[in-house]
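One structure is given here, and the rest of the page talks about it.
The values are calculated or read from the model by the stated rules, or taken from the named source; none is laboratory data. No experiment lies behind these values; they were computed from the predicted model shown. Cβ coordinates were reconstructed from backbone atoms using ideal geometry, including for glycine residues, and neighbour counts include every protein chain displayed.
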Amino acid sequence: MPVIKAENVKFVYSQGTSFEKTALDDVSFEIESGEFVGIIGHTGSGKSTLVQLLNGLLKPTDGKIYLDGKDIWEKPKQIRKVRFKVGMVFQYPEYQLFEETVYKDIAFGPKNMKLDDDEIDRRVRSAAEFTGLREDQLGISPFELSGGEKRRAAIAGVIAMDPDVLILDEPTAGLDPLGRDALLSRIVDYHNVRKNTILLVSHSMEDIAKISDRILVMSKGKKYMLDRTEAVFSKGDELEKLGLRVPQITKIMLMLRKRGINVDPTILTVEQGFNEILNCLSGV
């Protein structure tokens, strides 16, 4: 049974007014437990609306969202419990920091779950360790942290709720390359240990290519495709028509393939590309 299932989901903003706009239309898919799924699409494709529906922040205009086989809106008064199970990290989450200390900020979610003090403390320290925050940083104001550290503290606050599904909406936006790679590495490590389901929304095809098992492609409010990462990026021409691009190394491999050089067109990383070209040269 899938951990998350969208069934003919439609969402309309400002329904019944002159500002009515359909953001999602008849979207259906299933996500299995433990998967790492990337979500891509052009601006306005419906990505952010979709993940807010999965988290229960928005209610479908039509269709249903299932979590572990149960309609999340079957009991509207219990929708808060869904948000503990499906954690959401918004774009620029550091703007949501507000407590006196980093510790209190990370502890905010677990406290709302009515956990005891020992369990809250365990979760705070575990989440801080996962995201790379030091012990001595827990007692200071979150506003004394660097930009990248603030981002990690905000993510730790969601991880501390120990969600079965973690949704990250552009978690590396605005970070420098080193900060981006460090944060993604932490997220991958967390996934490998926790074995939960992660959905990552990103405009960086390189980031998506490195870490996703499958990719959900959105276009004009509809699901365009959901497939293995290699299969999605092998369709470079189709993605470009949607206003998307494949990772640069994949594009190079596709160009070499078109020129008659027998390389693997599903290469996703520079390291893979380097090894593939070496193999081709050694076979000449």
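State all residues of segment 58-91 that are aliphatic (A, V, I, L, M), free of Cβ contacts under 8 Å to residues at least 60 places away in the same chain and in contact with a strand residue (DSSP E or B) (Cβ under 7 Å, 6 or more places away or on another chain); if no residue qualifies, say none. Answer for segment 58-91, where residues must be aliphatic (A, V, I, L, M), free of Cβ contacts under 8 Å to residues at least 60 places away in the same chain and in contact with a strand residue (DSSP E or B) (Cβ under 7 Å, 6 or more places away or on another chain): L58, I72, V82. Just one residue in the set D121, D176, D169, D136 is among the charged types (D, E, K, R) and crowded, with 17+ Cβ neighbours inside 10 Å; that residue is D169.
Of everything in segment 1-60, what is β-branched (V, I, T) and over 20 Å from S202 (Cα atoms)? Give them in sequence order. Explain how you work it out, then say what you get.
First, pick out the residues of segment 1-60 that are β-branched (V, I, T): 3-4, 9, 12, 17, 22, 27, 31, 37, 39-40, 43, 49, 51.
Of everything in segment 1-60, those that are β-branched (V, I, T) and over 20 Å from S202 (Cα atoms) turn out to be V3, V9, V12, T17, T22.
Residue by residue through segment 75-93, note down the ones that are in a loop (DSSP other than H, G, I, E, B) and at pLDDT 90 or above. Give the steps one after another, and end with the answer.
Just the residues of segment 75-93 that are in a loop (DSSP other than H, G, I, E, B), to begin with: 75, 90-92.
K75, the sole residue that qualifies.
When residues in segment 259-272 are screened for being under 24 Å from the mean Cα position of the chain (by Cα) and surrounded by 13 or more Cβ atoms within 10 Å (Cβ to Cβ), 6 of them pass. Whenever a residue of segment 259-284 is within 26 Å of I215 (Cβ to Cβ) and touching a residue at least 12 places away in the same chain (Cβ under 8 Å), its partners that are part of a helix (DSSP H, G or I) and of a type in the set (G, A, S), lying with C-beta atoms within less than 6 angstrom and at least six residues away or across chains, give the pairs I267/G273; L268/A209.
Just the residues that are part of a loop (DSSP other than H, G, I, E, B), in contact (Cβ under 8 Å) with a residue 60 or more places away in the chain and within 13 Å of the chain's Cα centre (by Cα), please, taken from segment 171-204. Within segment 171-204, P171, A173, N196, S202, H203 meet the criteria.
Considering each residue of segment 150-157 in turn, at least one proves to be surrounded by 14 or more Cβ atoms within 10 Å (Cβ to Cβ) and over 20 Å from I198 (Cα atoms). Would a scan of segment 189-196 turn up a residue that is farther than 15 Å from G87 by Cβ and either surrounded by 22 or more Cβ atoms within 10 Å (Cβ to Cβ) or hydroxyl-bearing (S, T, Y) (or both)? No, every residue in segment 189-196 fails to be farther than 15 Å from G87 by Cβ and either surrounded by 22 or more Cβ atoms within 10 Å (Cβ to Cβ) or hydroxyl-bearing (S, T, Y) (or both).
Every residue, every condition in (1) among the aliphatic types (A, V, I, L, M); (2) under 30 Å from G46 (Cβ atoms); (3) surrounded by 13 or more Cβ atoms within 10 Å (Cβ to Cβ), yes or no:
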| position | (1), (2), (3) |
| --- | --- |
| G63 | no, yes, yes |
| P76 | no, yes, no |
| V102 | yes, no, yes |
| P142 | no, no, yes |
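Criterion first (in contact (Cβ under 8 Å) with a residue 60 or more places away in the chain and within 29 Å of L53 (Cβ to Cβ)) does E94 satisfy it? Answer is yes for this residue.
Results for (1) surrounded by 14 or more Cβ atoms within 10 Å (Cβ to Cβ); (2) touching a Leu at 6+ places or on another chain (Cβ under 8 Å); (3) within 22 Å of A209 (Cβ to Cβ), shown as yes or no for each residue.
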residue	(1), (2), (3)
A6	yes, yes, no
S18	no, no, no
K21	no, no, no
G44	yes, no, no
L54	yes, yes, no
